[in-house]
Amino acid sequence: MSDSDSQEVNPASLLTRNREWVSQRNQQQHPKILWIGCSDSRVAESIVTMSPPGVIFTQRNIANQFMVGDMNANAVLEYAVARNSENAKPKGLGIDHVVIVGHSGCGGVQAAMDEAEKTRDIDCFKGHAETSNLARWIGPLVELVKQHPEAEGDLDQMVDINVEEQMKNVRAALEKIGGFAKDVQVHGWVYDLESGLLRDLDQPEPEPRTVWE
């Protein structure tokens, strides 16, 4: 989308696009993936993976966090992985893969790094937490930054660390669900805004390809 196109986006134009999209929609959903990503508008899971509606079940929030005490996130996870057997209550989607997706230049991670620097000598993140929902949300991420001084000033490294931390949280939640949930695979990806590529943290970087003429 060009800059001129983005300037034309408003509620009326979105409704118009909806009418154009209706003929192409998929009314059924049979997702195989639960995507836990950032709310950043540049990282739309269906677009960056060229996936049609109904393929990816989604949970997005600032800095792609999965907090063990977050009822919303846990409900999404539970519904996503639950099997559709006769006795299952509630019935779910039977998803086998959960992907935590961070991205380069993440504003949420950068905000946590900035706050951690300002509150380096404070035991816990209380500053704005009493008045700001946003501050409360990134509070655990601020503490995570403080636990990793080796990543000080390195946003890319901290983005990776955050994804790895959320993978641990998801695995802990799956363990708590128990049963079939223990077999669900958890993956960590990072989307590069500049190149448009997704990077799997569990896979080595591919070697540069040489073009032989």
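Every test in (1) surrounded by 10 or more Cβ atoms within 10 Å (Cβ to Cβ); (2) at pLDDT below 80; (3) of a type in the set (Asp, Glu) is passed by residue 192 save one, and that test is (2). Taken over the stretch 35-54, residues that are over 18 Å from residue 188 (Cα atoms) and surrounded by 14 or more Cβ atoms within 10 Å (Cβ to Cβ) amount to 3. On inspection, residue 58 passes the criterion of being hydroxyl-bearing (Ser, Thr, Tyr) and touching a helix residue (DSSP H, G or I) at 6+ places or on another chain (Cβ under 8 Å).
Could you identify the single residue in 66, 57 that is farther than 20 Å from residue 202 by Cβ, at pLDDT 90 or above, aromatic (Phe, Trp, Tyr) and crowded, with 16+ Cβ neighbours inside 10 Å? Explain how you work it out, then say what you get.
On the way: 66 fails: farther than 20 Å from residue 202 by Cβ.
When all the criteria are applied, what remains is 57.
Looking at this structure, is residue 95 out of contact with any strand residue (DSSP E or B) (no Cβ under 6 Å at 6 or more places or on another chain) and either in contact (Cβ under 8 Å) with a residue 24 or more places away in the chain or part of a helix (DSSP H, G or I) (or both)? Answer is no for this residue.
Listed here are the residues, each with its yes/no results for (1) farther than 30 Å from residue 65 by Cα; (2) of a type in the set (A, V, I, L, M, F, W, C); (3) out of contact with any Ser or Thr (no Cβ under 6 Å at 6 or more places or on another chain).
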residue	(1), (2), (3)
10	no, no, yes
13	yes, no, yes
18	no, no, yes
21	yes, yes, yes
34	no, yes, yes
39	no, no, yes
47	no, yes, yes
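The values are calculated or read from the model by the stated rules, or taken from the named source; none is laboratory data. Keep in mind that this is a model prediction, so the values were computed, not measured. Glycine gets a Cβ as well: all are built from the backbone with ideal geometry, and neighbour counts include every protein chain shown.
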